Amino acid sequence: MAPSPIRLCCLPAGLATLDRLQAELLVLLPFEEDRPLQGTAGLCDWRLNGRINRLVEQGWYRPSREQALLMDSAGRIPTSRVLVLGMGKRAALDAQSYRRRISCLAGILGKLRYSSVALELPDLAQGPMETPQLQRALFELVANHLPGARLFLLCPYPRAAEFAKEVAGDMDQVVVEERGAQGMALW
């Protein structure tokens, strides 16, 4: 029996999207040197009253390549849980280490078994790597561990809808969902 298709929707990263997410888990992928946190991670931390940054400052968590943090959102954002998986240092990230991090993320998501996940796409445009191929690798690994799930990709790129189709490509087990009038997926 073929696995259920994953339903994919790319949404523009931003506060309006974060405040209306319809997912059980939000995954953040910050770089170690991002202080304060940037992008969706920064917005989420703001909504959580600086909780992630405090954990970093107090030494309880470090967004290095070895650490993941799963925390309750305390009702401050629509998702019930937040997973923070550090990407390590931006300058040290190459295609091979990126794939290792994403493989680790896929394994974690496979064990957690959430049916709806919002995933912050890291902004790789500032680094030395080719973004589309690596983001596709991220999506393929994650999709293989979340059969039948809803996956929201929080996209730092201006053309989120086109990016969804590019990332999904010709994968049979993916249904690309369009955004509704309010910017959220229709399901």
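A few points about this structure:
- Any pair with Cβ under 9 angstrom, 6 or more apart, that starts in the range 88-102 at a residue that is among the hydroxyl-bearing types (Ser, Thr, Tyr) and surrounded by 17 or more Cβ atoms within 10 Å (Cβ to Cβ) and ends at one that is at pLDDT 80 or above and not in a helix (DSSP H, G or I): 98/87
- Answer residue from the range 104-123, given it is surrounded by 15 or more Cβ atoms within 10 Å (Cβ to Cβ) and not aliphatic (A, V, I, L, M) and is nearest to residue 142 (Cα to Cα) among those: 104
- The residue that is farthest from the chain's Cα centre (by Cα), among those in the range 33-79 that are hydroxyl-bearing (Ser, Thr, Tyr) and modelled with pLDDT under 90, is 61.
- Complete set of residues in the range 26-59 that are more than 15 Å from residue 75 (Cβ to Cβ), crowded, with 22+ Cβ neighbours inside 10 Å and in contact with a strand residue (DSSP E or B) (Cβ under 8 Å, 6 or more places away or on another chain): 27, 28, 29, 30, 40, 41, 52
- Evaluating residue 62 against the criteria (1) within 12 Å of residue 32 (Cβ to Cβ); (2) touching an Asp or Glu at 6+ places or on another chain (Cβ under 9 Å); (3) buried (at least 18 other Cβ atoms within 10 Å of the Cβ); (4) not hydroxyl-bearing (Ser, Thr, Tyr) leaves one unmet condition, (3).
- Across the range 148-161, not a single residue is classified as of a type in the set (Lys, Arg), closer than 27 Å to residue 61 by Cα, modelled with pLDDT of 75 or more and in contact with a Leu (Cβ under 9 Å, 6 or more places away or on another chain).
- The C-beta contact set for the range 13-34 (first residue on the phi > 0 side of the Ramachandran plot, second residue at pLDDT 90 or above and aliphatic (A, V, I, L, M), distance under 9 angstrom, 6+ apart or interchain) comprises 14/43.
The values are calculated or read from the model by the stated rules, or taken from the named source; none is laboratory data. Given the structure is predicted, the values throughout are model-derived calculations rather than measurements. In this analysis, Cβ positions are derived from the backbone assuming ideal geometry, glycine residues included, and neighbour counts consider all displayed protein chains.
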